[in-house]
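Notes for the one structure printed next.
The values are calculated or read from the model by the stated rules, or taken from the named source; none is laboratory data. None of the values given here were measured: they were computed from a predicted structure. Glycine gets a Cβ as well: all are built from the backbone with ideal geometry, and neighbour counts include every protein chain shown.
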Amino acid sequence: MGRGAEYSFVRHLLVELSQDARCVLELGCGAAVYRPLFSSKHYVATDIPNSWYQSKGDVDVFASANHLPFAPESFDLIFSQAALDYMPDTRRVFRESYRVLRPGGRFLVITYRKSVLKRIHRDSANTGIPHCAIYTPGDLVEWLQEAAFNAVEVPRPSVYDGAAKQAWIKMTLASIRPFGTVLRMISNWRIVLGTKSGSAAQ
Ligand SMILES: C[S@@+](CC[C@H](N)C(=O)[O-])C[C@H]1O[C@@H](n2cnc3c(N)ncnc32)[C@H](O)[C@@H]1O
């Protein structure tokens, strides 16, 4: 497996959102670290070739998120972690995602807050990895709505409901020393959810 970071808050969200999903698409998957969550589903990991993040076998379909090689209404859930800001045309990615989602399907974007995106952008001059977009969650909500999604920013505390909340509290209490680090890490993330209207086929 290539390089990639897996976060428990993302895992909890994906488990929750994929409960009724049969087909799941990941955009900009890198090492596809969440693949094991979808062993009982039809999961498709997509990315452009990138030898820094990927190892052989991580990517199922090489494709830019700007031109998804899938038929309309093929997926119930699409998600992308820390990748949207690397894609050259965010609005187009949203239109493509809308096209390949089934009615009632959802698009989960896990991304960074604006100040972190600015830092990544600055540093990208040195790394040689092109970084394309700096936005706020509000921009993403607006662009998702332009693409016909119902869209909201997910307020982070409400993410941790039920079992996920228990797990989260346990984890933070059990790690008093890295507590500040964990909180900082979590507070760097922003989560936006788009829903395509209509009801999913039974
Ligand atoms: C910072 S990495 C994140 C990888 C992975 N999602 C993770 O969280 O570990 C950004 C990813 O976006 C991918 N990417 C860049 N441009 C893309 C595009 N146009 N379409 C799809 N993926 C793209 C890169 O190849 C890279 O795998």
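Points worth noting:
- Number of the condition not met by Ala32 [criteria: (1) more than 26 Å from Lys118 (Cα to Cα); (2) without any contact (Cβ under 8 Å) to a residue 40 or more places away in the chain]: (1)
- Which listed residue, of Val59, Val93, is of a type in the set (Val, Ile, Thr) and within 17 Å of Cys23 (Cα to Cα): Val59
Every residue, every condition in (1) aliphatic (A, V, I, L, M); (2) modelled with pLDDT of 95 or more, yes or no:
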| site | (1), (2) |
| --- | --- |
| Gly104 | no, yes |
| Ile110 | yes, yes |
| His121 | no, no |
| Leu140 | yes, yes |
| Glu146 | no, yes |
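- Extreme residue, surrounded by the fewest Cβ atoms within 10 Å (Cβ to Cβ), among residues of region 64-90 that are in a strand (DSSP E or B) and among the aliphatic types (A, V, I, L, M): Leu77
- Filtered residues of region 17-41 (kept if outside any loop (DSSP other than H, G, I, E, B) and surrounded by 14 or more Cβ atoms within 10 Å (Cβ to Cβ)): Leu17, Cys23, Val24, Leu25, Glu26, Arg35, Leu37, Phe38
- Some residue of region 90-98 being at pLDDT 95 or above and more than 15 Å from the ligand (Cβ to nearest atom): yes
- Residue match in region 23-38 (condition: away from the ligand (no atom under 13 Å from the Cβ) and either of a type in the set (D, E, K, R) or modelled with pLDDT under 95 (or both)): no
- Among the residues of region 42-63, those that are within 11 Å of the ligand (Cβ to nearest atom), surrounded by 22 or more Cβ atoms within 10 Å (Cβ to Cβ) and modelled with pLDDT of 95 or more comprise Ala45, Thr46, Asp47, Val59.
- Criterion violated by Ala5 - all others in (1) surrounded by 14 or more Cβ atoms within 10 Å (Cβ to Cβ); (2) assigned to a loop (DSSP other than H, G, I, E, B); (3) within 9 Å of the ligand (Cβ to nearest atom) satisfied: (1)
- Tabulated pairs, region 187-200, first over 18 Å from Asp139 (Cα atoms), second of a type in the set (S, T, N, Q) and loosely packed, with under 14 Cβ neighbours inside 10 Å, C-beta under 7 angstrom, 6+ apart or interchain: Ser197/Asn150
- Restricting region 91-126 to residues that are small (Gly, Ala, Ser) and within 17 Å of Ile48 (Cβ to Cβ), the residue that is surrounded by the most Cβ atoms within 10 Å (Cβ to Cβ): Ser97
- Cβ pairs under 9 Å, 6+ apart, first in region 47-67 and closer than 11 Å to Cys29 by Cβ and of a type in the set (Phe, Trp, Tyr), second outside any loop (DSSP other than H, G, I, E, B) and near the ligand (Cβ under 8 Å from one of its atoms): Tyr53/Asp47; Phe62/Thr46; Phe62/Asp47
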